[in-house]
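The values are calculated or read from the model by the stated rules, or taken from the named source; none is laboratory data. As the structure is a prediction and not an experimental result, all values here were calculated from the model. All Cβ positions, even for glycine, are placed from backbone atoms using ideal geometry, and neighbour counts span all protein chains on display.
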Amino acid sequence: MTDWMDRPLREIAQALREGNLTAEELADLSIARHEKWDGQLSAYKSWNSDFAREQATAADKSFRAGNDLGPLQGVSISVKDLYGVSGLPTFAGTPNRLPQQWEQEGPVIKAVRRQLAVIPGKAHTVEFAYGGIGANAHWGTPRNPWDADQHRVPGGSSAGAGVSLWEGSASFAFGTDTGGSVRIPASFTGCVGIKTTKSRWSTDGIVPLSSSFDTPGIIAKSMDDAVYAFEAVDPKSRHSGVKIEAKDISDVVLGVTKGYFWDRCQDDIAEIVENTVSKISAAGAKTVDTPLPEAEESLKTLAAGAIVAAEIYAFLEANLPKWIETLEPRVRARIEDGNKVSGTDYVRACNQAARLAAQADATLSTVDVLTVPTIPITPPTVEEVDDLDVYRSKNMPALSNTMPGNILGLSAVTLPVGLDKAGMPVGLQLISRSHQEENLLSTALAIDAALGPVSERIGSPPLGGSL
């Protein structure tokens, strides 16, 4: 029997429309996969099988009436526990349920609910999304399915997103990316992650970390699934009706760079990414030396810390003051630093970030994408990062190659390209100018095709999978 939860999104959508599959059957498969693997993987903070079946029944009823409400009708989706979803609680990684206002749906969730997509649950997040490792002391840390022997972290802050896909309970996942929180878990779990440009998608209805840098994004198991989901959600794509298709690889111009993005990179990860870029070039893509000094400079200004910490502290103080008291130590210290940021330092950091963003946008205007490692380290074990000092030593490297994309206002994609010496996935990050998602995704599709099937690049994890 076909296990539809492992099939490409386009095939699922076609089967639903041709009557070879019902949304209720798909929901039952999603629920069965969750029940089998949840005890080991723990992808979700909240799960509601009855809620999933209700949504699936509504999708089937609409199909039977001849109403096709959108590409995601009947498709199962996991949602990071920062998004408001009517009918599901929001905890935002904290020990206590947030007030009802944070369960109200914003434009992103409304877009998929109007299409009668199925949302069975809310995936785990780092507390208030403030961390790149994926650890959560309140509710436990989802297990990275690529290591059956050790409990390795899944990446954060969208910690349960990639895990939910390999569990088989969702066909794609919504995350948020403030410093890498879509790309890190996507890379750590062998998935594709799309970081949208700030303001491309609304953040209304999402618990904020940073009003300056928060961006909603998508995690999927393939590049084609990611593009399919993006087009179904993206307001500009839905309005234009223009489909994103792969460019001719001979028309792709890759920016290559050394220095900052490679400084923290493990030798095995660097070798995989370098060989991948060489393979893309051999397939016909052009390469151009493209230094991006703004990346390192953006972090040297401490713009991320000064801005993000100040914004999340101000938000909590004004809206959720009681939640400050229960912050776990790995999150508390950095959030409370926000109370020490002066108005002058905050404005100076914002101005510096804007200046650097303009420079980076101009630098990348001569290439389609800049090619760099997504994450320079192997996912650490949960036991390792229980130590606060070790956590700090791992959290910054995990964020180091993704954070510049947020500070510089760029768009980006990560796609899996191999396994490191520990057998953990390695991601290639493609960084593009702001508001250039169509070209970025067309380029990514071309690169993905040139690299061959993702199953040949990384295989499948030992945990999660079919019933």
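Summary table
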item	result
Selection status of residue 271, within 23 Å of residue 285 (Cα to Cα), among the acidic types (Asp, Glu), modelled with pLDDT of 95 or more and not in a helix (DSSP H, G or I)	no
Answer residue from segment 1-18, given it is in contact (Cβ under 8 Å) with a residue 40 or more places away in the chain and assigned to a loop (DSSP other than H, G, I, E, B) and is farthest from the chain's Cα centre (by Cα) among those	3
In segment 263-285, residue farthest from residue 451 (Cα to Cα) [restricted to those that are touching a Pro at 6+ places or on another chain (Cβ under 7 Å) and among the β-branched types (Val, Ile, Thr)]	269
Filter result for the condition that a residue is in contact (Cβ under 8 Å) with a residue 60 or more places away in the chain, surrounded by fewer than 24 Cβ atoms within 10 Å (Cβ to Cβ), touching a Ser or Thr at 6+ places or on another chain (Cβ under 7 Å) and not aromatic (Phe, Trp, Tyr), over 193, 205, 284	284
Verdict on residue 328 being under 24 Å from the mean Cα position of the chain (by Cα), surrounded by 14 or more Cβ atoms within 10 Å (Cβ to Cβ) and under 25 Å from residue 97 (Cβ atoms)	yes
Candidates 255, 241, 217, 193 - the one that is out of contact with any Pro (no Cβ under 8 Å at 6 or more places or on another chain), of a type in the set (Gly, Ala, Ser) and within 25 Å of residue 145 (Cβ to Cβ)	217
Residue that is surrounded by the most Cβ atoms within 10 Å (Cβ to Cβ), among those in segment 448-465 that are under 19 Å from the mean Cα position of the chain (by Cα) and in a helix (DSSP H, G or I)	448
Condition check for residue 23: surrounded by fewer than 18 Cβ atoms within 10 Å (Cβ to Cβ) and over 30 Å from residue 148 (Cα atoms)	no
Residue in segment 158-167 that is in a loop (DSSP other than H, G, I, E, B) and among the hydrophobic types (A, V, I, L, M, F, W, C) present	yes
Segment 133-159, residues that are closer than 16 Å to residue 426 by Cα and under 16 Å from the mean Cα position of the chain (by Cα)	133, 144, 153, 154, 155, 156
Subset tally (residues that are among the basic types (Lys, Arg) and farther than 30 Å from residue 348 by Cα) for segment 266-302	2
Where residue 254 falls short, out of the listed (1) at positive phi; (2) crowded, with 20+ Cβ neighbours inside 10 Å	(1)
